[in-house]
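The values are calculated or read from the model by the stated rules, or taken from the named source; none is laboratory data. Here the structure is a predicted model, which is why all the values come from computation and not from measurement. Counting neighbours? That spans all protein chains shown, and the Cβs are built from the backbone with ideal geometry, glycine included.
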Amino acid sequence: MDESRKLFVGPRLKRLRRELNLSQSRMAEELGLSPSYLNLMERNQRPITAQVLIRLAHAYSLDPREFANDDHERTVSELEEIFADPLFRSAPVSRIELRETIENAPSLVDAVNRLYRAYQAMRGAREAVTPHLKDRDRAEDAPQINPVDRVRELIHEAKNHFPELDEAAETLASDLAVTGHEPFFAIAERLRSKHGIRVRVMPIDVMSDNLRRYDHHRRQLLISELVDPSGRTFQAAYQLAFAEMRSTIDALAAKLEPTDGPARRLLRVSFGNYFAGALMMPYGKFQAAADVLGYDVEVLGARFGASFEQVAHRLTTLARPGARGIPFFLVRVDAAGNVSKRFSSGRFPFSQFGGTCPLWNLHSTFKTPGQVATQIVELPDGSRWFSMARAVKRASNPWGMSDPQFVVGLGCELKYAHRLVYARGLDLAAADATPIGINCRLCERVACPQRAAPPMMHALIVDEMRRGVSPFEFDAT
């Protein structure tokens, strides 16, 4: 193995062994190693070799690339965001200490993350109910972690890839293709003939507040006329997911979220959406087409009858061993910068709380609807990413009603950008990168004219006789 690319994965190796309930001597025997050498690897005193990775893959059905993937930077960023809270101001934790904790106590990191989320939920609930009052005699149960955040966490941990749903959707898509009908009509006919469910597109006066509604008693799926063709196919496919895959969806949701409640129900919705996208864009055909077309989202949408957002979302799920796509991330923001959707099959360090960096051209893309804007960005840790962004709409709207719009950002590490049609003609090695941060409260870049808040981990400097480029100056040491 190249000396410059040694892989030290001791904590992950130890965690795998414990998950498999194996002793060091037993795992060493199964891998053809000495117990002492395995012990050195678990303590990060020896790097893991390519040969050992291959043996791990064969012995325990692992993908060696997945096992060797370095996800530490994302985890460090998540912990830094937590410890930037004023709650910890009197007990600062250095980046080196965070790295050591991640390497040596990954389960503790997960526990801290969950505990802080619960604290945030409890603080938010109390402020919403009694923002200025404190009732010492009032006893309340601590609220549960926000189910949306919980589901995002679970999907992120699975790298947004669920092979059992992909395989079932691929098989069903092949069956539907035999009919020769367009996807929407093929799915609607399948619902009618096999499940007795009729699909109807309804006028706005009937569906004034809904885009999709299933009438259980009349066994009818009602879709608003405002939903465009790709959306109608998606909604019909979602209903088919629950008609044919309910047991699989229920089992998968219960496995990831043992507690029955809003989070598990939201997981089921997410899996229904996942299946719908996989049915419209079957894994094998879609992944092959994406690779040949240079991940041209517009052309892929035309070929598979899908919207820009549907294609972008599907691209974040391509993690099948032996047929992987580029590890993309996706983020959807509104005009106010609120993040309403985020997925990643890679290691992009999304902010857990708050919005995105205003220097990222996601926000300026609202001014150029229908156009794809590209940008190379550099995060504070020095990593570089290639980003594409486009404004999208969810559905048509009648005259006089608000017309909500969003921007979908899709990106990958710069090292993959040469495979993208959007990067053709660019000298990626010499291209300038826009320095951005995770968000203002976590960003330590000085003299940023777009800064909206001082960084939480540094002391604010107020000079009455000077005004810098940034409205907030701070001690950067």
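Of note:
- When the residues of region 219-263 are filtered to those that are basic (Lys, Arg) and surrounded by fewer than 21 Cβ atoms within 10 Å (Cβ to Cβ), the one that is nearest to Ser396 (Cα to Cα) is Arg219.
- The residue pairs whose first member lies in region 37-51 and is in the same structural domain as Gln24 (by TED's automatic domain parsing) and touching a residue at least 12 places away in the same chain (Cβ under 8 Å), whose second member is surrounded by 16 or more Cβ atoms within 10 Å (Cβ to Cβ) and among the acidic types (Asp, Glu), and whose beta carbons are closer than 7 Å, counting only pairs six or more residues apart or on different chains, are Asn44/Glu103.
- Being of a type in the set (A, V, I, L, M), in a helix (DSSP H, G or I) and assigned by TED's automatic domain parsing to the domain that holds Ala188 is a property that Ala263 has.
- Taking the criterion of being under 18 Å from Gly272 (Cα atoms), surrounded by fewer than 14 Cβ atoms within 10 Å (Cβ to Cβ) and not polar (S, T, N, Q), no residue of region 168-188 qualifies.
- Arg303 basic (Lys, Arg) and crowded, with 17+ Cβ neighbours inside 10 Å: no
- Residue within region 367-380 that is within 22 Å of Leu226 (Cα to Cα) and either crowded, with 16+ Cβ neighbours inside 10 Å or over 19 Å from the mean Cα position of the chain (by Cα) (or both) present: yes
- Selection from region 427-445 of residues that are in contact with a strand residue (DSSP E or B) (Cβ under 8 Å, 6 or more places away or on another chain), part of a loop (DSSP other than H, G, I, E, B) and surrounded by fewer than 20 Cβ atoms within 10 Å (Cβ to Cβ): Leu428, Ala431, Asp432, Ala433, Arg445
- For region 381-421, filtered to residues that are in a strand (DSSP E or B), in contact (Cβ under 8 Å) with a residue 60 or more places away in the chain and among the charged types (D, E, K, R), the residue that is surrounded by the most Cβ atoms within 10 Å (Cβ to Cβ) is Arg390.
- Applying the criterion of at least 3 residues that are more than 24 Å from Gln310 (Cα to Cα) to the strands (runs of 3 or more DSSP E) found wholly in region 166-252 leaves an empty list.
- Ser90 being closer than 30 Å to Gln45 by Cα and modelled with pLDDT of 50 or more: no
- Single condition Phe472 does not satisfy, out of (1) closer than 19 Å to Ala373 by Cβ; (2) outside the structural domain of Phe329 (by TED's automatic domain parsing): (1)
- Qualifying residues in region 335-353 (those that are of a type in the set (S, T, N, Q) and modelled with pLDDT of 80 or more) - the one surrounded by the most Cβ atoms within 10 Å (Cβ to Cβ): Asn338
- Any hit, region 149-156, residues being under 20 Å from Ala241 (Cα atoms) and either part of a loop (DSSP other than H, G, I, E, B) or in the same structural domain as Pro229 (by TED's automatic domain parsing) (or both): no
- Verdict on Arg26 being more than 23 Å from Val109 (Cα to Cα), in contact with a Leu (Cβ under 6 Å, 6 or more places away or on another chain) and at pLDDT 85 or above: no
- Exclusive hit being modelled with pLDDT under 95 and within 30 Å of Arg320 (Cβ to Cβ), set Val151, Val206, Val129: Val151
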